[in-house]
Each structure stands twice: as C-alpha cells, then as structure tokens.
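J.: Submitted below is the structure of interest, expressed as structure tokens.
All of the numbers you see were taken from the coordinates with simple rules; none came from a lab. Values in this document were obtained by computation on a predicted structure and should not be read as measured data. Every residue, glycine as well, gets a Cβ built from its backbone with ideal geometry; the counts of neighbours run over all protein chains shown.
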Amino acid sequence: MVSTPKDTGGNRRRPGNIGDVSVYVPGFRIPKPVDFFQSLGDHLTKNLVERLVALRTRIVVMAGQEAPTVTRTRRKTQHGGSTLADLQQALEDYLPVLLGLVKDGSQLQYKVQFVWVNQEDDAEETAMSNAWYEVLSVLHLMAMLSLSQANLLLLPRTSGDGYQPKVSEENRRASVDIFLRAAGYLDCAVRHVLPQLPAELRRNLPVDLAEGVLRALCLQALGQGVDIQLGMAIDSTKATLAVKRRLACEMVKYWQQAQDNIMNLPLANGWGEKHRLLVKWKYVEAKAAAYYYHGLILDEGNTEKYHGMAVAALQAADEYFKESRKACEAFNAALPLSRYPPLWGTMKYLSEKIPKDTSSKVRINRDLYSYERIMETAPTLPDFALALKPDEYQLPPVDPSWNEEKINGGQTGSNQLKGDRR
C-alpha cells in the first residue's frame with residue numbers, strides 16, 4: 001500500500017512546470033489508502049473486501065506515481081499501453097464494485113472514510129465517510145484523464161516533411177470524441193451523483209468538486225470540442241462562412257457559460273486561479289473568432305449600414321484578438337508554469353487573417369463612407385442553439401460479485417447493520 005509521498009518515489013510534490021498546454025487539466029485528484037478490512041470486515045465476505053482493496057490500491061499506486069508526470073510527457077508502460085489508458089481502465093474496473101456500497105441505499109455507504117487530495121494542493125486532504133463522495137472523485141479523475149489524453153493528441157508534432165509542427169486530422173477528430181466523453185463523465189457527476197450527497201456534505205466538498213467547477217469543466221470540454229470543429233471547417237473548402245460563424249458563436253456561448261459557473265467560486269491561488277485564467281483567455285479568443293466571421297458576412301451586404309457594421313465587428317475582432325494574446329500570457333505565467341504550443345488550427349489562421357482583413361476593410365470602407373457613419377460599437381452576435389452535447393454516460397451496473405455476497409455473506413452483514421442502526 002502506498003502510504004507516504006516517499007513511497008510514490010517523491011512524485012507527489014507540486015509540479016512547478018506542466019509543459020505544453022493545449023488543454024488545461026486543473027490538477028488530478030489522487031486517492032490515498034483506506035482500510036477496507038477495518039471498516040467492512042464485519043459486514044462483507046473476505047473475498048469481496050479483498051477485491052475492493054486490490055482494485056483501489058491499484059489506483060492509489062498508479063495515480064500517485066503517474067498523475068504528476070502524465071500531463072508533461074507521453075509515458076509508456078512496459079506493456080506498451082499509455083499510462084492514461086491503464087489508469088482509466090483501473091477506474092472503470094473499480095467503479096462497478098464500489099457501487100455495491102450504495103446499492104439500494106445500503107448503510108455500507110457510510111462505513112468507509114475515503115481520502116483524496118488534489119495533486120496541486122498536497123496539504124489539502126479531504127476525507128468523507130460517504131461512498132458517493134468516492135464515486136464523485138472517481139468520475140472527476142476519469143474526466144481529467146480524458147482531458148489529458150486530448151492534450152497529448154493536440155500538441156503539434158514535427159512532420160517528416162520539415163514543415164512547421166502540426167496536428168493531424170485523425171488526432172483532431174479523435175480529440176472531439178474525447179472531449180464529449182469527458183463532458184459525459186462530468187455531466188453524470190452533476191446530474192446523478194451530486195444529488196445523492198446530503199446538502200451539508202455538498203457544502204463541505206473541496207472546491208475542485210464544487211458544482212460550479214464541474215459544470216465549468218464540462219462546458220470547457222464542449223467549447224474546446226467546437227474549437228476543433230471550427231479548425232476543421234477552416235481547412236475545408238466546402239465549409240461556408242455561415243457555418244464557420246455559427247461554430248464560432250457557439251464557442252462563445254460555451255466559454256461564457258463556463259465563466260459564469262466559475263467566476264464567483266472561492267478558488268485559491270494555484271490550480272484554481274490558473275483554471276479561471278484559462279476560461280477568461282478562451283472566452284476572449286472565441287469572441288475574436290466570432291466577430292471576425294460575423295464581420296465578413298455583414299460585409300457581404302449591399303448597403304452602407306451593413307458595411308459600417310462589418311467594420312465595427314472586424315475592429316472588435318482585432319481588439320479581442322489582442323486581448324486574448326495578453327490573457328494567454330497571463331495564463332501561462334500563472335503557477336504551475338506552462339507553455340503554449342506553436343499556433344495551429346483556428347488561432348494560427350485567425351492570427352494572420354484578423355489583423356490583415358480588419359485593416360483592409362476599415363481602409364476601404366472609410367474611403368467609401370464618412371468616418372462618422374461607421375459604427376463605433378460592435379453589433380450583437382447572432383444567437384445560435386448549442387449543437388454539441390456531452391456523451392450520455394450512465395453509471396455501470398453493480399458488479400455481480402455483490403449478488404454472491406447477498407447469498408453467502410449477506411445475512412451476517414444484514415444483522416450487523418440492523419444493530420448499527422439501533
């Protein structure tokens with residue numbers, strides 16, 4: 001059993017640098033050991049307790065050793081599979097057995113004190129005697145692993161032809177699926193797990209499990225998924241300006257909602273403040289894209305009014321783009337330090353097009369119309385319904401080993417629990 005930071009090889013120390021960031025993961029929640037035999041030995045068969053111990057210990061060891069490093073390097077296990085996939089599988093194996101503790105409102109859910117800590121806040125351990133808290137923490141870690149996997153896929157790789165680093169079409173498409181999967185875990189946590197926790201316990205949850213943070217993370221995943229879709233639309237000769245504008249406007253709404261959920265939370269310095277800076281940066285960046293495409297479509301109009309609105313929209317895009325570069329720098333400078341990978345996709349294209357097209361359109365329209373007739377405030381962006389939804393994730397059925405428990409060892413456990421309630 002891993003019981004001290006020393007036993008994990010010293011990796012539990014807060015990282016000062018998290019490498020290249022395309023997708024920010026605001027700290028892994030890492031489980032610490034618990035004594036299932038002391039808590040459940042009188043209520044369950046030895047085989048079932050041993051299974052819980054083995055499954056959770058596997059997660060404790062893997063998370064303690066790999067989580068602090070997995071976002072910075074593409075580590076491989078001796079079997080050739082990624083550590084992300086191995087840890088994800090360990091969590092999926094554990095969840096059906098864990099859910100036996102809460103089946104049919106069982107009092108066993110209150111017997112074990114589960115302990116977790118955020119890797120970015122070593123001292124902030126949170127222990128709660130409720131198995132639903134353990135389920136919530138497991139789903140959170142599954143979502144964070146998915147976001148880390150997306151980050152690895154979206155880091156530009158140097159191509160064999162010697163050109164600038166780029167992200168393959170295959171990786172971009174795969175990342176969208178991963179974003180939807182991560183959003184599904186978080187949506188399940190908010191809609192189906194949080195309501196199972198008593199109000200007082202929900203108030204005492206660590207801030208990285210607060211409902212607002214979970215919702216913000218879900219919306220972040222969807223917003224970044226749309227960002228990838230917009231990048232693919234830019235590369236497609238078939239995608240119209242209308243399609244690109246719609247995607248950009250949807251992206252604004254996702255990031256605005258993420259900001260609404262996270263802005264008033266008491267996030268401390270460290271991972272929380274860095275997460276807030278990410279949401280601010282991506283929200284401003286999305287507005288730059290949306291106003292750019294809105295301006296191009298308005299400029300297709302045949303009247304002075306439309307051309308004036310187009311100039312105002314393009315000027316707004318240029319200002320938001322400049323602001324987004326400053327927000328990006330602030331995010332990367334916040335601890336733990338990070339590096340933004342080389343520009344690619346949406347922002348590489350827009351970093352070249354926004355300043356150029358804004359300057360050109362402003363000059364042309366000011367030559368055609370008097371300066372006073374050009375709008376000084378940006379027009380309102382169109383409001384589109386959000387198309388991207390989280391994958392529907394449902395908690396797995398309880399592991400069949402609990403049915404055997406009911407037959408072989410349930411009587412003893414049942415009598416004991418009745419005594420406890422008295």
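J.: With r as the distance between the Cβ atoms of ASP391 and SER359 and R0 = 56 Å, compute the FRET efficiency 1/(1 + (r/R0)^6) and round to 0.05.
T.: Calculated value: 0.85.
J.: How large is ³J(HN,Hα), in whole Hz, for each residue of the stretch 284-293 in order, when computed from phi with the Karplus curve 6.51 cos²θ - 1.76 cosθ + 1.60 and θ = phi - 60°, using x for Gly and Pro?
T.: 5, 4, 5, 5, 4, 5, 5, 5, 5, 6
J.: Shifting gears a bit: Note down the relative contact order for the stretch 207-391 as a percent, whole number, built from C-alpha pairs under 8 angstrom at least six residues apart.
T.: 26 percent
J.: Could you list, in their original order, any pairs among LYS111/LYS274; LYS356/LYS389; LYS253/LYS361 whose Cα atoms are separated by more than 30 Å?
T.: LYS111/LYS274; LYS356/LYS389
J.: Is any residue of the stretch 293-314 close enough, with backbone N under 17 Å, to a label point placed 7 angstrom from the Cα of LEU343 along the Cα-Cβ axis, and if so, which?
T.: 293
J.: A follow-up question, please. To the nearest 0.05, what FRET efficiency results for ALA333 and ASN204 with a Förster distance of 45 Å applied to their C-beta separation?
T.: 0.90
J.: Counting pairs of Cα atoms in the stretch 246-305, how many percent are more than 17 Å apart?
T.: Of the Cα pairs, 50 percent sit more than 17 Å apart.
J.: Could you grab the relative contact order for the stretch 137-296? Cα pairs under 8 Å, six or more apart, rounded to a whole percent.
T.: Rounded, it is 21 percent for the stretch 137-296.
J.: Want the number for VAL243 to LYS46: 0.36 nm per residue separation, take away the alpha-carbon distance, what's left?
T.: Additional length available on full extension: 65.0 nm.
J.: What percent do you get for the relative contact order of the stretch 299-370 when only Cα pairs under 8 Å and 6+ apart count?
T.: So the answer I get is 41 percent.
J.: Find the percent of Cα-Cα distances in the stretch 207-391 that exceed 19 Å, and round it to a whole number.
T.: 60 percent
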